[in-house]
1. Answer with yes or no whether T108 is polar (S, T, N, Q) and closer than 23 Å to P69 by Cβ.
2. Which residue is modelled with the highest pLDDT, if the candidates are limited to the stretch 156-193 and must be touching a strand residue (DSSP E or B) at 6+ places or on another chain (Cβ under 9 Å) and of a type in the set (S, T, Y)?
3. Find all pairs meeting these conditions: Cβ atoms under 6 angstrom apart; at least six residues apart or on different chains; first residue within the stretch 57-83 and more than 25 Å from D94 (Cα to Cα) and part of a loop (DSSP other than H, G, I, E, B); second residue of a type in the set (S, T, N, Q) and modelled with pLDDT of 95 or more.
4. Is it fair to say K59 is at pLDDT below 85 and either of a type in the set (D, E, K, R) or in contact with a His (Cβ under 6 Å, 6 or more places away or on another chain) (or both)?
5. Are there any pairs with C-beta distances below 7 angstrom linking a residue in the stretch 184-206 that is more than 17 Å from A111 (Cβ to Cβ) to a residue that is surrounded by fewer than 20 Cβ atoms within 10 Å (Cβ to Cβ) and acidic (D, E), with the two at least 6 apart or on different chains, and if so which?
6. Taking the condition of being farther than 28 Å from G248 by Cβ and not aliphatic (A, V, I, L, M), how many residues in the stretch 105-160 meet it?
7. Output the number of residues of the stretch 243-265 satisfying the condition of being within 12 Å of R113 (Cβ to Cβ) and touching a residue at least 40 places away in the same chain (Cβ under 8 Å).
8. One residue is enough: does the stretch 267-285 have a residue meeting the conditions under 16 Å from A111 (Cα atoms) and β-branched (V, I, T)?
Amino acid sequence: MNDTKPTLVEEQIKALKEAGAPVSIGTVVAHKPGVKGPNRHILEKWLPTCVRNSYENFKFMGPRPHGLPFLRGSARGLPAVVVGIGPSLDQNIDKLRSFQKNAIIISTDAAFRPLWVRGILPHVVVNIDAGPNQHLLFTHVPTERTALLASTATDPATLRAWKGALLAFNMAHPGIEFMDLVLPSAFPTAGSLYVHGTVGNTAVLLAATMGCSRVLTVGMDLCYGALPPNAGPVGWKYRCQDYVPRPGEGWEAAELKVIYDNEARVRDAFEVELKGRKFMVDPELDMYRNSLLELAGALTETEVVDCSVDGVLPAVGFRHQKFEDALLEHCGREIQPGESVALHLREILQGRE
């Protein structure tokens, strides 16, 4: 007799099936031995949470949410700007505002609030985080005028906090049956992306999936930026200037420490030498850089232009260019509404059930 108790993953898969998802629970396991790639350690930690979130999201979205296939090839030949939260965004955000009608702007979830406060409305915001606090990124921010592309395993509170158009996708990872078999079965219209470790890399991959010929990355430093001399005891900064709402008084420049605590991140920072220069990184940023390099090697029809001021990305696989020069060279004309569905996602999806 087999007295082995079912794992949390197996229990949640069973619950997903009982909720109506057409999934098989026969031999599904959390992950197979030998799983490799930039997501491995993240998935080993977060997979039970992802399974639980998927079950809740199935009840919220149903089995056939609007998905990634809706965006595939939708901006063919157009330039895109992928916006991360690296410290170089502060130096470039005003330049982007003047060109926001000339490129498909794809924002990471944490960059949406700084963009909106500075008068920039991205066409698509990307979220993959299964953590329970990500919904705070969208609290008190008017999200009705743009679209969110979110993982089917993201935290349910994040989806409920978003009031605009919603598109879903399944995270894929070779060798993990829940990602490769269960999610595509439960959400057959969502489509799948191998996210390469981080939301910023997912945003780059989305731009390529949309058919964008060139991707300008800003705020994708993947290293710390030096703070001004009078900034206090912490000499390095992980992210761009963040903002939090002050009721009745607008927005205040501050950190949302429950999600991104700069002082806590700096404690794990270490020095690396790249391109003949020294940079401060931490284990996560180091992994993100390596996975983005892996992703860049797989992009055959999309050029990635690194526009971060002090970015750590090497010249191999990336062309470095000042953001202002890249905007002038690649984003010289306004994109017309008929050229990309991304320009009017809200209007298209609003009337669909």
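1. Against the criterion (polar (S, T, N, Q) and closer than 23 Å to P69 by Cβ), T108 qualifies.
2. The qualifying residue modelled with the highest pLDDT is T158.
3. Within 6 Å, no pair qualifies.
4. no
5. H196/E294
6. The number of residues fulfilling the criteria is 10.
7. Count: 6.
8. No, every residue in the stretch 267-285 fails to be under 16 Å from A111 (Cα atoms) and β-branched (V, I, T).
The values are calculated or read from the model by the stated rules, or taken from the named source; none is laboratory data. Here the structure is a predicted model, which is why all the values come from computation and not from measurement. When we count neighbours, we look across all protein chains shown, and the Cβ atoms used for this are built from the backbone with ideal geometry, even at glycine.
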